[in-house]
1. For the range 215-370, what ratio Rg/Rh do Cα atoms give with a Kirkwood hydrodynamic radius?
2. Nearest 0.05, what FRET efficiency do residue 355 and residue 30 give at R0 = 22 Å with Cβ-Cβ as r?
3. For residue 39 and residue 54 in one chain, what is 0.36 nm times their gap in residues minus the Cα-Cα distance, to one decimal in nm?
4. For residue 180 paired with residue 102, estimate the spin-label separation in nm (one decimal), with each label point 7 Å from Cα along the Cα-to-Cβ line.
5. When the helices in the chain are scored as -39500 (n - 2.57) per DSSP H run of 4 or longer and the sum is shared across all residues, what 222 nm value do you end up with, to the nearest 500 deg cm²/dmol?
6. Take the chain, connect every pair of alpha-carbon atoms lying under 10 Å apart with a spring to form a Gaussian network, then pick out the residue of 212, 44, 162 with the largest mean-square fluctuation.
7. At each listed q (0.29, 0.31 Å⁻¹), what is the log10 of I(q)/I(0) that the Debye formula gives for the range 238-289 modelled as equal alpha-carbon point scatterers?
8. To check you understand DSSP bridge types, tell me what percent of the beta bridges within the range 3-361 (both residues inside) are antiparallel, rounded to 5.
Ligand code: SF4
Ligand code: SF4
């Protein structure tokens, strides 16, 4: 396929995804206001190819023990086939670090063969060398999230590996160089925690220098990968720390908004560290994604563990079952542990988000307002 054809295909897939997402949000509106038990089928599958990793991030529990008995290549292929039959549109490959699996690229290839047009990869970027990237792109992956937890030494310290920042940003720069010709979507993820919140603006400036969209993850000990005593400490960002970081961030945002999180995202972040649930905002994320874990557990959400397994039950049976539907009705209204995962999606379908952003642009709101 020529570069022009690749670009045009990427645009078509993106447009199709946007339409499906608009329909999904319309269904959620019905679910919120008219029909609380409406079954809104997931559009995206979050596939934890492995819970193991090649880094040792202080904010993560996955590397603290080795996970065994993960799904085999043929089991994953079977799951991919079932997800296709279910009408899932997009696959997010994640981990752990998905690329440490030898069969990862083969699975991306297989997903493309099945007809999935929208493949996304979350990675720490360590293994995403130009040589490794080529077959990943050939396999059809067109969207990437790469994690950066601070400038230089701070990133290395948090990620538990000297040289990680240099290597990841080198790979990220290469990827960004291919973004426009191939129509790639590239995002840089920064996990805000007690030990790096002071560097928020350094990372915002880095995003602007690299010209890459910055997304803020918010440290939490509620999700299955992050439940650990040490992580609980990291998720305790004080009001003083937040105020100092946000005052600087607001100045930066006023000067130039390109590539940066919106006012409403930063406002959500301010609330996250004192109210992790923020119950007034329904959880679209839990409805959008079907979680498939490395050992086949399926369902739940980022904060709630799944009860069923693809090794014993068909995916369609699980998703259409009463247990899944009841749980997802509760998760949608945030009858949950709270975790803040993908809060940006949760904000995106609320008209109040756009009103607040507009008021902020008109200097009628600030991040310091109650
Ligand atoms: S946060 Fe990501 S890169 Fe870091 S140890 Fe966990 S899975 Fe690996
Ligand atoms: S906010 Fe609640 S419902 Fe949504 S993913 Fe987190 S724990 Fe699950």
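Bear in mind these aren't lab numbers, they're just calculated from the coordinates by the rules spelled out. Only a predicted model underlies this, so the values are computations on that prediction, with no experimental measurement involved. Reconstructed Cβ throughout: ideal geometry from the backbone, glycine too, with neighbour counts over all protein chains shown.
1. Dividing the radius of gyration by the Kirkwood radius yields 1.03.
2. 0.50
3. Gain on stretching residue 39 to residue 54: 1.6 nm.
4. For residue 180 paired with residue 102, the spin-label model returns 4.1 nm.
5. -14500 deg cm²/dmol
6. 162
7. Per q value, in the given order, log10 I(q)/I(0) is -1.11, -1.18.
8. Antiparallel bridges make up about 10 percent of those DSSP assigns within the range 3-361.
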